Amino acid sequence: MLLNSNSPQLIIINVTSQELHLVSGIERLLATWPVSTSKFGLGSQKGSFCTPLGKFRISEKIGDGAPKWMIFKNRVETGTLAPLATEENPSDEDLVLTRILWLEGIDPANINTKERYIYIHGTNQEALIGHPASHGCIRLRNNDMLDLFERVEVGCGVEIKV
């Protein structure tokens, strides 16, 4: 994938290794973070809760300046901070926390990604990072999400692959 001329970075998400790699210009690795992709598998079908594959771009950055752990509903801050799910305090709820990078598909097979509300976002289920556990989105630990959010711009290329 060629990098967007407006963005010097590219995000590569490897579903097999459950890792997100941030690379620059000539594919110099800047950072790697563990992620969680969908527990329902891979695909682009509406309502499937699957993680789509292919090429994307960041269409919107949401949450700049929000506190870490802020819960977002419909991409709007709720004013409530989420507790971290732990063994003592488990949660099945797939909360969107801290920051949102809203993905837009650019391949014919994933063109519906934005209308499916597929994001890269923070999570209340940090203990599940590194394993498929989401409802289609790409989850990061909240500190990692803050770091990634500051490093990328709207238009940044994203590739999700196996």
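Suppose the filter is under 15 Å from Val35 (Cβ atoms), modelled with pLDDT of 95 or more and of a type in the set (Val, Ile, Thr); does Ile138 pass it? Judged against the criteria, Ile138 is a match.
The sole residue among Leu29, Leu20, Leu10 that is without any contact (Cβ under 8 Å) to a residue 12 or more places away in the chain and on the phi < 0 side of the Ramachandran plot is Leu29.
Going by what's in this entry, would Glu60 be described as modelled with pLDDT of 95 or more, loosely packed, with under 15 Cβ neighbours inside 10 Å, under 14 Å from the mean Cα position of the chain (by Cα) and over 23 Å from Glu19 (Cβ atoms)? For Glu60, the condition - modelled with pLDDT of 95 or more, loosely packed, with under 15 Cβ neighbours inside 10 Å, under 14 Å from the mean Cα position of the chain (by Cα) and over 23 Å from Glu19 (Cβ atoms) - is met. Only a single criterion out of (1) part of a loop (DSSP other than H, G, I, E, B); (2) touching a strand residue (DSSP E or B) at 6+ places or on another chain (Cβ under 7 Å); (3) among the polar types (S, T, N, Q) is not satisfied by Thr78, namely (1). A search for C-beta distances below 9 Å between a residue of segment 60-75 that is under 11 Å from Ile100 (Cα atoms) and any residue that is in a loop (DSSP other than H, G, I, E, B) and among the β-branched types (Val, Ile, Thr), counting only pairs 6+ apart in sequence or on different chains, returns Glu60/Val154; Lys61/Val152; Lys61/Val154.
For segment 93-102, check the following and say yes or no: at least one residue is under 20 Å from Ile13 (Cβ atoms), free of Cβ contacts under 8 Å to residues at least 24 places away in the same chain and surrounded by 14 or more Cβ atoms within 10 Å (Cβ to Cβ). No, the conditions are met nowhere in segment 93-102. Of the listed requirements (1) touching a residue at least 24 places away in the same chain (Cβ under 8 Å); (2) farther than 14 Å from Ser36 by Cα, Gly79 misses just one: (1). All conditions in (1) surrounded by fewer than 16 Cβ atoms within 10 Å (Cβ to Cβ); (2) charged (D, E, K, R); (3) not in a loop (DSSP other than H, G, I, E, B) hold for Asp144, with the sole exception of (1).
The values are calculated or read from the model by the stated rules, or taken from the named source; none is laboratory data. None of these values were measured; they are calculated from a predicted model. Neighbour counts are summed over all protein chains in view; Cβ atoms, including those assigned to glycine, are modelled from backbone coordinates with ideal geometry.
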